[in-house]
Amino acid sequence: MKKLISVLMGIVLFASISCLSVYASDYTLEVENGEIDDYGNITATIIISENSGIYSGEFNFLYNSSYFELGEIELNQSGTNGKIETQTDTENGVVTFTYKANDEAGCTFGGEFATLNMRLVSTPESVVSFNLDMASTTDYEGNELEATYKITPIEVPISFIVTETQAQTEQTESAEATTQSSEGEEESGGFLSALWTVIKVILIIIIVIVVLLIVASFFTRRYFKKKRQRQRQAMRNAQNRQ
């Protein structure tokens with residue numbers, strides 16, 4: 001009986017150790033989503049916890065580029081005892097993070113690793129989330145480290161869907177108003193242009209008439225002056241004959 005109990009306890013202990021070895025991890029990576037505001041802005045914060053000591057590593061932050069637009073990336077360089085670098089592929093929705101510790105101690109940091117500022121540009125047709133894909137992480141001796149991921153689905157509020165529709169309507173109305181305004185300005189500009197042309201023609205006609213009147217006045221005065229001179233000459237000639 002004692003041997004049977006011992007065997008059963010051994011089996012239970014072995015199973016417990018096996019479970020721990022399967023589910024144990026060297027650190028945890030979590031994406032904590034902020035709330036989407038009425039303009040579609042949302043932050044995704046990558047958090048490290050239960051960190052046994054990462055010396056170097058690389059992992060990918062994944063998002064659906066059909067729905068999200070990547071903005072500024074804020075890195076917590078000062079708290080991680082190392083250097084964080086990023087590479088972005090906005091077409092495919094991938095941000096690659098690489099990390100290298102400053103010394104042998106590695107990074108046992110726990111907390112915010114990086115914050116990504118995102119913007120929702122199109123309403124998803126189904127539930128979406130930001131994901132993490134681990135390429136590789138090692139400790140100082142080069143041993144591969146295992147990670148546990150925590151991903152939370154993103155809830156798109158009704159207010160954003162309404163706002164998005166309103167924004168599209170406002171953009172359409174704004175475009176139509178701009179077109180109408182342009183057409184009105186063109187019509188107004190055409191009318192003013194035609195009016196100015198008429199005024200210029202009238203001014204030219206007035207100038208021509210004034211010039212003609214001045215010329216006519218000059219020749220008229222000259223004609224009557226010569227006529228009076230001839231008359232006086234004729235009178236003097238008549239007097240001389242008498």
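If we keep just the residues of the range 38-61 that are under 30 Å from the mean Cα position of the chain (by Cα) and surrounded by 19 or more Cβ atoms within 10 Å (Cβ to Cβ), which is farthest from residue 98 (Cα to Cα)?
40
Okay, residues lined up against (1) at pLDDT 90 or above; (2) closer than 24 Å to residue 124 by Cβ; (3) charged (D, E, K, R); (4) in a strand (DSSP E or B):
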{"position": "37", "(1), (2), (3), (4)": "no, yes, yes, no"}
{"position": "60", "(1), (2), (3), (4)": "yes, yes, no, yes"}
{"position": "70", "(1), (2), (3), (4)": "yes, yes, no, yes"}
{"position": "74", "(1), (2), (3), (4)": "yes, no, yes, yes"}
{"position": "79", "(1), (2), (3), (4)": "no, no, no, no"}
{"position": "86", "(1), (2), (3), (4)": "yes, no, no, yes"}
{"position": "92", "(1), (2), (3), (4)": "yes, yes, no, no"}
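Condition check ((1) hydroxyl-bearing (Ser, Thr, Tyr); (2) touching a strand residue (DSSP E or B) at 6+ places or on another chain (Cβ under 9 Å)) across all residues:
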residue: 55; (1), (2): yes, yes
residue: 61; (1), (2): no, yes
residue: 77; (1), (2): no, yes
residue: 80; (1), (2): yes, yes
residue: 87; (1), (2): no, yes
residue: 100; (1), (2): no, yes
residue: 105; (1), (2): no, no
residue: 111; (1), (2): no, yes
residue: 118; (1), (2): no, yes
#### Entry: Criterion (out of contact with any helix residue (DSSP H, G or I) (no Cβ under 7 Å at 6 or more places or on another chain), farther than 18 Å from residue 156 by Cα and exposed (fewer than 13 other Cβ atoms within 10 Å of the Cβ)) met by exactly one of 112, 35, 85
85
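The values are calculated or read from the model by the stated rules, or taken from the named source; none is laboratory data. Keep in mind the model is a prediction, meaning the values are calculated, not measured. Don't worry about glycine lacking a Cβ; one is built from the backbone with ideal geometry, like all the others, and counts go over all protein chains shown.
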